[in-house]
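Bear in mind that the values in this text are calculations on the coordinates, not laboratory data. Remember, it's a predicted structure, so these values are computed and weren't measured experimentally. Note: ideal-geometry Cβ built from the backbone for every residue, glycine included; neighbour counts use all protein chains shown.
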Amino acid sequence: MVQQTISPIDGSVFEERVLADDALIAATLTQARATQAKWKSVPVAERAAIIRRFTEIMVGRRLDLGREITAQMGRPIQYTPREIDRMADRTYAMADFAESELADIPLPAVAGFSRFIRREPLGVVFAIVPWNYPYLVAANAAIPALLAGNSVILKPSPQTALCGERMRQALHEAGLPDGVFQTLHVTPEDADRIVRSPQVDFVAFTGSVAVGHAVQRAASDRFIGVGLELGGKDPAYVRADADLPYAIENVVDGAFFNSGQSCCAIERVYVHDSVYDKFVESAVSLTRGYTLGDPFDPSTMLGPMVRTSSADFVRKQIAEAIESGANPLVDENDFPASSAGTPYLAPQILVDVNHSMSLMRDESFGPVVGIMRVGSDEEAVKMMNDSAFGLTASVWTEDAAAALNIGDQIACGTVFMNRCDYLDPELPWTGVKDSGRGHTLSRLAYETLTRPKSFHLRTEH
């Protein structure tokens, strides 16, 4: 059975891979188990050195890797090499944390005893990663898992099938033993069987809520950990005291970068009444300056969405919102490349929206945003929390105390002030509600990927 990667740029077949059969899946699981037993005995400093060498290799190939990302999922070429740079920020940070966070934890001395806590790797980690940021998300899951002494089996998205293979090649060149990091191209049904396998000790999944539920169900009969990062409907609140030009520039970018195909993209904006009209006018003007087209053109700012069906979902959300009274402010005719029946979709801003509309409730994952007027911080908090999701939220203000107070009231994993759509590798990446559970990155990532093992040694008797 063959898996195809269809480029959204022109609908051509970019790559084909033969899907793993039962024998290959079984062999991969067996090898992962066998090699992990040896890998965990490698000193943490040596593991970290391999990850640093891997990172250097990947950064050296950033331009070629960027071109492949563009061809596979359509992000403009002016941006794709930066994904490797951001990945490097994370992998270097996790390597820097590793020795201190994975060291034995000593306990106060007791005469005649030696006592300490060791962080034991879980074993085999199965990581299922998406196409929208294929290297960033894969690194979030795989790199700390490797540093912690686990082996990793990575299932990349069919849309970005090459990315796992490129990581495997670079890790091998960096000195990672064979079998410690492997990739598998499998059907959803086989992925479900792998999750259920007794040879898997932890599952890291990033993707949709529906598939997240399926992963959770598959793991439910076993006592293993499952990390779920499932997306969002992330809000921004622009207060009356915001630096308006700065807020407009960054909120618009947070909504439309990567054609809105980011789990932490801004999808809802609440603007204080006193600055609402100016914000909307300037945001629309800025959006009209975007360029949509061939992502290999260095001037293109918006490429195609990943597939026509994704663009059609956003088109449907927009049409239903308009039928319910929303007002679209961007003329699609200003973007000649935008065309029905294709993945090329113009960015859109809508006002006169409300929370009865799918546009303001359901994840769009596309270049569209709704803007609502609010009269107070209290109203903004109420609107921001009126969602099934809780990944990130941003507050745009010059008052840090106000931002902190508002942030304390928002049900989400990350609160931003005057920034958005960003992962700091020193902070845990986490969500609440339908945005998932568990966390990656930061020093806390190692708590998820290890288990405590107590040593209580009588030295005198």
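Determine, from the Cβ-Cβ distance of E320 and A34 and an R0 of 41 Å, the FRET efficiency 1/(1 + (r/R0)^6), rounded to the nearest 0.05. Let's see the in-between values first.
Values: r = 53 Å, r/R0 = 1.30.
Working from the Cβ atoms, E equals 0.15.
Which percentage, to the nearest 5, of the DSSP beta bridges contained in the chain is antiparallel?
Numbers: 25 of 63 bridges.
Looking only at bridges with both residues in the chain, the antiparallel portion is about 40 percent.
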- Message: If you restrict to DSSP beta bridges whose two residues both lie in the stretch 234-424, what percentage is antiparallel, to the nearest 5?
- Response: 10 percent
- Alpha-carbon centroid distance for the pair the stretch 1-58 / the stretch 365-426, whole angstrom: 36 Å
- Query: Can you give the Kirkwood hydrodynamic radius for the stretch 102-196, in Å, rounded to one decimal and based on Cα pairs?
  - Reply: 15.0 Å
- Query: Which value, in debye to the nearest 20, describes the size of the charge dipole of the chain about its Cα centre when Lys and Arg Cβ atoms bear +1, Asp and Glu Cβ atoms bear -1, and nothing else is charged?
  - Reply: 1860 debye
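Counting Lys +1, Arg +1, Asp -1, Glu -1, what net charge surrounds F205 among other residues with beta carbon under 13 Å of its beta carbon? Mind showing how you got there, number by number?
Details: positive: K155, R217, R437; negative: D192, E229.
So the environment of F205 carries a net charge of +1.
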- Message: Once you keep just the Cα pairs under 8 angstrom separated by 6 or more residues, what percentage relative contact order results for the chain?
- Response: 19 percent
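Rounded, prolate or oblate: which fits the stretch 209-315, taking a ≥ b ≥ c as square roots of the Cα gyration tensor eigenvalues, rounded meaning a/c under 1.5, else prolate when a/b beats b/c? Don't skip to the end; give the middle numbers.
Working: a/c = 3.03, a/b = 1.55, b/c = 1.95.
Since a/c reaches 1.5 but b/c is at least a/b, the shape of the stretch 209-315 is classed as oblate.
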- Identify, among G260, A219, S299, the residue whose Cα sits farthest towards the positive end of the charge dipole of the stretch 193-319, taking +1 on the Cβ of Lys and Arg and -1 on the Cβ of Asp and Glu, with the dipole about the Cα centre. A219
- Degrees, to the nearest 10: 22-39 long Cα axis against longest axis of the chain: 60 degrees
- Would you work out if the stretch 234-424 is rounded, prolate or oblate? Take a ≥ b ≥ c from the square roots of the eigenvalues of the alpha-carbon gyration tensor; rounded if a/c is under 1.5, else prolate when a/b is larger than b/c, oblate otherwise. prolate
- Note on the structure: Residue by residue through the stretch 229-234, the couplings from Karplus 6.51 cos²θ - 1.76 cosθ + 1.60 with θ = phi - 60°, in Hz, x for Gly and Pro, are 10, 10, x, x, 9, 6
- Per-residue HN-Hα couplings for the stretch 437-442 [Karplus 6.51, -1.76, 1.60; θ = phi - 60°; Hz; x = Gly/Pro]: 7, x, 7, 10, 6, 6
- Query: So what's the angle, to the nearest 10 degrees on a 0 to 90 scale, between helix 400-409 and the longest Cα principal axis of the chain?
  - Reply: 70 degrees
- Item | Karplus 3J(HN,Hα) series, Hz, for the stretch 97-113 with 6.51 cos²θ - 1.76 cosθ + 1.60 (x for Gly, Pro) | 6, 4, 4, 6, 7, 9, 6, 4, 9, x, 10, x, 5, 10, 3, x, 9
- Note on the structure: By the C-alpha gyration tensor axes a ≥ b ≥ c (rounded if a/c is under 1.5, else prolate when a/b exceeds b/c, else oblate), the shape of the stretch 15-77 is oblate
- Sequence-distant or interchain residues sharing an amide H contact under 5 Å with E15, placed H: which? T5
- Relative contact order of the stretch 234-424 (C-alpha contacts under 8 Å, at least 6 apart) in percent is 29 percent
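Let me spell out the model: positive unit charges on the Cβ of Lys and Arg, negative unit charges on the Cβ of Asp and Glu, origin at the Cα centre of the stretch 234-424. What dipole size does that give, in debye rounded to 20?
On the way: 11 positive and 29 negative charges, 79 e Å.
In total the dipole reaches around 380 debye.
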- Roughly speaking, what is the stretch gain from A111 to V2, that is 0.36 nm per residue apart minus the C-alpha to C-alpha distance, in nm to one decimal? 32.8 nm
- Alpha carbon centre of the stretch 68-146 versus the stretch 224-257: separation in Å? 24 Å
- Along the three principal axes, how long is the chain when you take its alpha carbons, biggest first, rounded to the nearest angstrom? 78, 54, 41
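Per the helix-only calculation at 222 nm, which mean residue ellipticity applies to the chain, given -39500 (n - 2.57) for every DSSP H run of n ≥ 4 and division by its residues, nearest 500 deg cm²/dmol? Before the final figure, lay out the partial values.
Working: 15 runs with 188 residues, N = 461.
Calculated from helices alone, the mean residue ellipticity at 222 nm is -13000 deg cm²/dmol.
Under a Cβ-only charge scheme (Lys and Arg +1, Asp and Glu -1), can you give me the dipole magnitude of the stretch 407-461 about the Cα centre, in debye to the nearest 20? Don't skip to the end; give the middle numbers.
Values: 7 positive and 7 negative charges, 57 e Å.
I would put it at about 280 debye.
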